[in-house]
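Take a look at the structure set out below.
The values are calculated or read from the model by the stated rules, or taken from the named source; none is laboratory data. If you're wondering where the values come from, they're calculated on a predicted model, not measured in any experiment. Every residue, glycine among them, receives a Cβ derived from its backbone with ideal geometry; neighbour counts consider all protein chains shown. Heads up: the accessible areas ignore ligands, DNA and RNA and are worked out on the full protein's heavy atoms, side chains in. Shrake-Rupley method; radii C 1.70, N 1.55, O 1.52, S 1.80 Å.
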Amino acid sequence: MDWTKLPLSRATVDRAAHRRTDARTLAAAWSDGRTRVLLLQEGRLAVVRDDDGVRLDLRAAGDLRGLAPDRTPDGVLRLFLGEDDTAAYVALVLPDRAWGGPGTVDIEGVPTSTDDLVGRLTWATLRDVGHALDDRDAGLAATAVGLAAWHERHPRCPQCGSRTEPNLSGWTRRCVEDGSEHYPRTDPAVIMAVLDADDRLLLGHAPHWPERRFSTLAGYVEPGESLESAVRREVAEEVGVVVGEVAYRGSQPWPFPASLMLAFVAHATTTELRLDDEEITDARWFTRAELVAAVEAGEVLLPMRTSVARVLIEEWLGHRVAGE
Ligand SMILES: [Zn+2]
């Protein structure tokens with residue numbers, strides 16, 4: 001298992017953070033014919049699916065003329081994602097699906113603007129396609145989805161309640177009243193493969209998941225808590241198991257909307273399960289043979305391939321499991 005290549009941790013584009021403070025950065029990138037634009041709407045990414053697989057449907061800014069800065073309606077947000085040797089990358093966050101856009105058709109009914117383009121795009125969520133994107137696209141997509149979700153949830157200043165506006169090339173929001181600057185937040189969450197002394201793996205089922213979906217336990221880190229303490233507290237709360245040694249494995253962003261998943265292997269010193277029944281309604285210890293048999297029989301659905309939970313489970317198994 002390559003912990004440096006987690007599905008959503010992969011990235012090749014330089015974030016070029018030093019360019020964010022320059023107020024001209026977005027406009028300059030937008031007018032550069034080499035710039036590639038990632039389109040995002042309601043958390044979904046514009047993608048191309050063909051025989052080669054799936055990739056981002058990156059567009060030249062010139063193809064998006066109807067959405068150019070001086071003609072955009074309120075609500076179209078641009079984010080500077082960074083640059084590499086070939087291009088700068090900008091995310092264009094469109095309003096929701098009900099938005100009609102600035103579109104028109106010519107006299108023969110041929111679409112002439114992006115409104116029609118938007119209607120023709122293929123959309124996919126990062127959860128569904130993240131693992132299938134190449135390294136560059138995975139990094140761009142994880143960044144754009146997380147940053148866009150933060151903007152959407154922070155229209156108001158937490159200090160005075162006034163409206164905030166995007167600033168620093170889309171990397172902060174500034175209050176229009178008091179000028180305070182607000183930065184995107186990331187919520188640390190621990191996720192752990194809990195193993196017992198016989199090397200069995202503990203998987204649980206949460207009530208809001210699809211039926212038969214089993215996954216590793218996870219939870220948010222609380223204020224004043226170390227990662228190791230969060231692992232031990234979450235396991236104790238959810239299934240009543242005591243954890244001793246805890247070993248860090250790796251991390252990946254999980255921007256739904258703002259988590260950073262920190263993955264651990266946790267060694268249990270007890271095996272009796274006492275479920276809290278609210279967060280976890282079923283939990284079982286599996287041997288490798290038992291889990292493989294349960295998956296093949298359709299009794300257990302593993303977490304999606306984009307997730308770090310899937311990586312933890314397949315690392316313990318020692319091999320990949322077929323299917324998404
Ligand atoms: Zn304010």
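The table that follows gives values for the structure above.
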read-out: Vicinal HN-Hα couplings computed from phi for the stretch 237-252 (Karplus, 6.51 cos²θ - 1.76 cosθ + 1.60; Hz; Gly/Pro x); value: 5, 7, 10, x, 9, 8, 10, x, 5, 10, 10, 6, 10, x, 9, 8
read-out: Rounded to 5, percent antiparallel among DSSP beta bridges of the chain; value: 75 percent
read-out: Accessible surface of the chain [probe 1.4 Å, protein heavy atoms]: carbon and sulfur percent; value: 48 percent
read-out: Cα shape, the chain, gyration tensor, a/c 1.5 rule; value: prolate
read-out: Choice from Ser169, Ser226, Ser31 showing the highest fluctuation, given a GNM over the chain with Cα pairs closer than 10 Å; value: Ser226
read-out: With DNA, RNA and ligands ignored, accessible area of Val265 (1.4 Å probe; Å², nearest 10); value: 20 Å²
read-out: Residue with peak Gaussian network fluctuation, the chain [Cα springs, cutoff 10 Å], from Gly130, Gly43, Gly244; value: Gly244
read-out: Positive-end residue, the stretch 250-324 charge dipole about Cα centroid, Cβ charges, pick of Met304, Leu275, Ser251; value: Ser251
read-out: Value of relative contact order over the stretch 129-271, rounded to a whole percent, pairs C-alpha under 8 Å and six or more apart; value: 23 percent
read-out: Cut-off under 5 Å, modelled amide H: who pairs with Asn167 long-range; value: Thr172, Arg173, Arg174
read-out: Potential extension, Thr186-Glu152 segment - 0.36 nm per residue separation minus Cα distance; value: 10.8 nm
read-out: Label-point separation in nm, Glu228 to Thr281, each point 7 Å along Cα→Cβ; value: 3.6 nm
read-out: Net +/- balance of residues flanking Thr287 in space, Cβ distance below 11 Å, scoring K and R +1, D and E -1; value: -1
read-out: Extreme residue, positive dipole direction of the chain, given options Ala263, Gly33, Pro188 (C-beta unit charges); value: Gly33
read-out: Rounded if a/c under 1.5, otherwise prolate or oblate - the stretch 193-233, Cα gyration tensor axes; value: oblate
read-out: Among Leu39, Leu312, Leu301: highest mean-square fluctuation, GNM of the chain, C-alpha pairs under 10 Å; value: Leu301
read-out: Shape call, the stretch 191-324: gyration tensor on alpha carbons, a/c limit 1.5; value: rounded
read-out: Summed residue charge, Cβ within 14 Å of Ala28's Cβ, Lys/Arg positive, Asp/Glu negative; value: +2
read-out: Rounded to the nearest 20 debye, dipole of the chain from Cβ charges on Lys, Arg, Asp, Glu; value: 840 debye
read-out: Cα long-axis angle, helix 135-153 against the chain (0 to 90 degrees, to the nearest 10); value: 80 degrees
read-out: Degrees separating the helix 308-317 axis from the principal Cα axis of the chain, which is the longest one; value: 40 degrees
read-out: For the stretch 209-297: accessible area per residue (Å², 1.4 Å); value: 50 Å²
read-out: Amide hydrogen neighbours beyond the local backbone of Val194, cut-off 5 Å, H modeled; value: Leu202, Leu217, Ala266
read-out: Additional length obtainable on full extension of the chain from Asp52 to Asp199, 0.36 nm per residue less Cα span; value: 49.0 nm
